[in-house]
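The values are calculated or read from the model by the stated rules, or taken from the named source; none is laboratory data. Predicted model only: the values in this text are computed from it and were never measured. Cβ placement follows ideal geometry from the backbone for every residue including glycine, while neighbour counts extend to all protein chains displayed.
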């Protein structure tokens with residue numbers, strides 16, 4: 001049994017135990033489909049699909065419809081996020097280096113700029129490798145322009161400012177939404193036992 005099936009089986013077992021339901025054990029199927037790990041009696045109990053709520057059934061169907069990533073595959077939205085993170089990394093360093101040519105005010109402190117550039121650079125490398133933590137971090141980073149634009153709409157004094165903020169919300173929100181599916185396909189890495 002693969003690690004994904006084992007985790008699913010463990011989740012089902014916990015859900016069934018917490019709900020206080022006890023399904024009748026049936027003999028184990030050959031394909032190992034939706035069966036729980038074998039209880040002490042030796043027979044496996046299938047998941048009672050009829051007892052699931054509609055939202056749980058929709059969630060289950062959506063999870064089953066997801067295709068796991070092949071070796072070296074990266075979802076398109078993650079590739080787009082990796083390109084944006086790389087562009088942000090380069091723009092941060094270039095903007096800080098060319099600050100005196102572009103602006104008249106004081107240059108931001110180097111440690112703050114370099115820390116941000118390092119975080120975005122590491123995130124870009126992780127996104128190119130389709131790492132779960134990098135996708136999650138990029139989604140967290142997308143929340144800042146979304147929230148800033150929401151506040152910007154409140155303070156907008158012209159139609160152009162309001163429309164610009166709406167465009168930022170639409171683009172960042174759409175990217176955030178589609179990254180959720182990419183994140184589901186990548187799957188969270190297994191935690192290794194330290195024992």
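Consider the stretch 85-113. How many of its residues are in a helix (DSSP H, G or I), surrounded by 12 or more Cβ atoms within 10 Å (Cβ to Cβ) and touching a helix residue (DSSP H, G or I) at 6+ places or on another chain (Cβ under 8 Å)? Of the residues in that region, 9 qualify.
Put simply, of 121, 137, 182 the only residue that is free of Cβ contacts under 8 Å to residues at least 40 places away in the same chain, within 30 Å of residue 8 (Cα to Cα), part of a helix (DSSP H, G or I) and in contact with a helix residue (DSSP H, G or I) (Cβ under 8 Å, 6 or more places away or on another chain) is 137. In the stretch 65-77, of all residues being part of a helix (DSSP H, G or I) and surrounded by fewer than 12 Cβ atoms within 10 Å (Cβ to Cβ), the one that is modelled with the highest pLDDT corresponds to 76.
Of note, residue 80 satisfies the criterion of being surrounded by fewer than 18 Cβ atoms within 10 Å (Cβ to Cβ), in the same structural domain as residue 181 (by TED's automatic domain parsing), closer than 26 Å to residue 185 by Cα and touching a residue at least 12 places away in the same chain (Cβ under 8 Å).
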